[in-house]
Amino acid sequence: MRDLIVTALFIVGAVVALKRPYYGALLWVWVGLMNPHRLGWGFAYDLPFAMASVVIIALGMFFSTRSIRWQTGGPAIVLILMILWMTLTSFTAILPEPSQTKLIDVLKVLGMTLVVGALVAGREQIIGLIWVVVGSIAFFGVKGGIFTLTTGGEFRVWGPPSSLVQGNNELALALIISIPFLYFLSKQATLAREFVLVRRIPEKWLRRGLMLSILLCAVAAIGSHSRGALLAIIAMGSMMWWRSRAKVSMGLLLLALTPAILFLMPEEWFSRMETIETYEEDLSAMGRINAWHMAINIANDRIFGAGFATASPVVFNAYAPNPDWVLVAHSIYFQVLGDHGYIGLALYLLFWILTYRVAGRLAAMEKRGPRFEWIALLGNMSKVSLVGFAVGGAFLSLAYWDMPYYVMIILLATERYAKEVLMKAPEAAVPPVPESAADVDSPQRSSRAVAG
């Protein structure tokens, strides 16, 4: 039954996408993040939905060239430079063949991110992309939150099958990235109803459902038993409180929810979290540190890094302090450093710094009036999400995972939309100055206002 539902939804979306390639982009994002076909056990499990999405997008773009508008912001330019540098490092890799094989997979993710960005224009399409990106992950958060509550947190929560976030640690980070956007949608429920799939849901029920999903996603993230997720949740919660207007109410809510959620967790969970302070005694943590030292040794010796196939006995024998401890980097920063050297890491950091700055520019648009309120909130919540990724990603090898890159696309598309609004209505660029009673009563001030 699940196979039939997923296949039917995909076919309907594909037909629509041939005329409007934007929906093909949503199909690609949905299939890539959620892996819906892997939730069944029948004929759809191994169908090439991702490849079909690419073909559909290509056909749609061919027949509708007017819908193509490539992103030109700083992060998009740096992303292209990253792709070029990664291609070079793959051909100079210690193990060229497996590195080039991995390169193809990475190019699919990063290249299609740019394609998705070229098909997103206008507020309705931005909101639709947010819904698909966040909903694809929140589905597992809601399900995992219910599972954690009903089982008392005794079992770990897992992500989409056969995906980069299948593991409990990876899913927890995905949920942390999603929560700020769920908050954005709940606070802008009227705007959120512009997406066709939720248009018929009454606004109050949509808002309540989103707030409930935030709670369940937080429970699922904690129920993943991920130590990195705990640190990321603390960072995200602190950032969300700082960016919130209602600091008192937000602070009281966080103080009330934290002990309530932790009360549900078993003793095993607390024992695992306590190992953060005693990482020297934890084999997993020491294995990661061994891999981090190896990444530094590689970057010091090779300007191009080792290539994508860094987690190999050959590479560990040459550069790791303990060559018998072969593990992936478990850090987006050391992953890129070992794979592509200091230049690759510099490009990667520059990319996220520029992306964060775009979010900051959007957040500053709050001064321009009510029509930019949703843009400012989106900028603020994007900053919260990026901080969560920056902290949680320090302990996971997700440097090439597509979800954070869609945040960049959402931000660039929103900034372009805001600029177009300002060009059409220049008066929106200057916030109105309210007249005070003194202004009205003073002839001199009134005459200056008329002269201006």
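Can you report the number of residues in region 312-370 which are more than 24 Å from L164 (Cβ to Cβ) and among the acidic types (D, E)? Counting residues in region 312-370 that are more than 24 Å from L164 (Cβ to Cβ) and among the acidic types (D, E) gives 2.
Among the residues of region 326-357, write down those that are part of a helix (DSSP H, G or I), out of contact with any Phe, Trp or Tyr (no Cβ under 7 Å at 6 or more places or on another chain) and surrounded by fewer than 23 Cβ atoms within 10 Å (Cβ to Cβ). Result: Y333, Y342, A346, L349, L350, F351, W352, I353, L354, Y356, R357. Taking the listed residues T113, T148, the one that is assigned to a helix (DSSP H, G or I), within 30 Å of R66 (Cβ to Cβ) and out of contact with any Lys or Arg (no Cβ under 6 Å at 6 or more places or on another chain) is T113, with no other qualifying. Each residue in region 11-32 was checked for being touching a residue at least 60 places away in the same chain (Cβ under 8 Å) and open to solvent by 40 Å² or more (accessible area, probe 1.4 Å), and 1 pass. Scanning region 395-407 for residues that are more than 12 Å from W352 (Cβ to Cβ) and outside any loop (DSSP other than H, G, I, E, B) yields F395, D402, M403, Y406.
Go through region 69-97 and give me each residue that's part of a loop (DSSP other than H, G, I, E, B) and surrounded by 14 or more Cβ atoms within 10 Å (Cβ to Cβ). Let's see the steps before the verdict.
Pass one, region 69-97, residues part of a loop (DSSP other than H, G, I, E, B): 69-73, 92-95.
Listed by number, the residues that qualify are Q71, G73, T92, A93, I94, L95.
Residues in region 312-321 that are within 16 Å of M286 (Cα to Cα) and either open to solvent by 80 Å² or more (accessible area, probe 1.4 Å) or modelled with pLDDT under 90 (or both): P321 only.
As a summary of the residue check, A17 satisfies the conditions (1) within 18 Å of P160 (Cβ to Cβ); (2) out of contact with any Asp or Glu (no Cβ under 9 Å at 6 or more places or on another chain) except for the one numbered (1).
Filtering region 161-195 down to residues that are in a loop (DSSP other than H, G, I, E, B) and among the aliphatic types (A, V, I, L, M), which residue is surrounded by the fewest Cβ atoms within 10 Å (Cβ to Cβ)? I'd like the intermediate steps shown before the answer.
Taking region 161-195 first, the residues in a loop (DSSP other than H, G, I, E, B) are 161-167, 188, 193-195.
Now restrict to residues that are among the aliphatic types (A, V, I, L, M): 164-165.
On the way: L164: 21, V165: 25.
Per the criteria, the residue is L164.
With respect to (1) open to solvent by less than 10 Å² (accessible area, probe 1.4 Å); (2) part of a helix (DSSP H, G or I), the lone exception for K383 is condition (1).
Filtering A8, A44 for residues that are at pLDDT below 90, out of contact with any strand residue (DSSP E or B) (no Cβ under 8 Å at 6 or more places or on another chain) and open to solvent by 10 Å² or more (accessible area, probe 1.4 Å) leaves a single hit, A8. All conditions in (1) open to solvent by less than 80 Å² (accessible area, probe 1.4 Å); (2) in contact (Cβ under 8 Å) with a residue 24 or more places away in the chain; (3) on the phi < 0 side of the Ramachandran plot; (4) under 23 Å from the mean Cα position of the chain (by Cα) hold for N35, with the sole exception of (3).
The values are calculated or read from the model by the stated rules, or taken from the named source; none is laboratory data. The shown structure was predicted, so the numbers you read here are calculated from the model rather than taken from an experiment. In this analysis, Cβ positions are derived from the backbone assuming ideal geometry, glycine residues included, and neighbour counts consider all displayed protein chains. Surface accessibility is based on the protein's heavy atoms, side chains included, excluding ligands, DNA and RNA. Shrake-Rupley method; radii C 1.70, N 1.55, O 1.52, S 1.80 Å.
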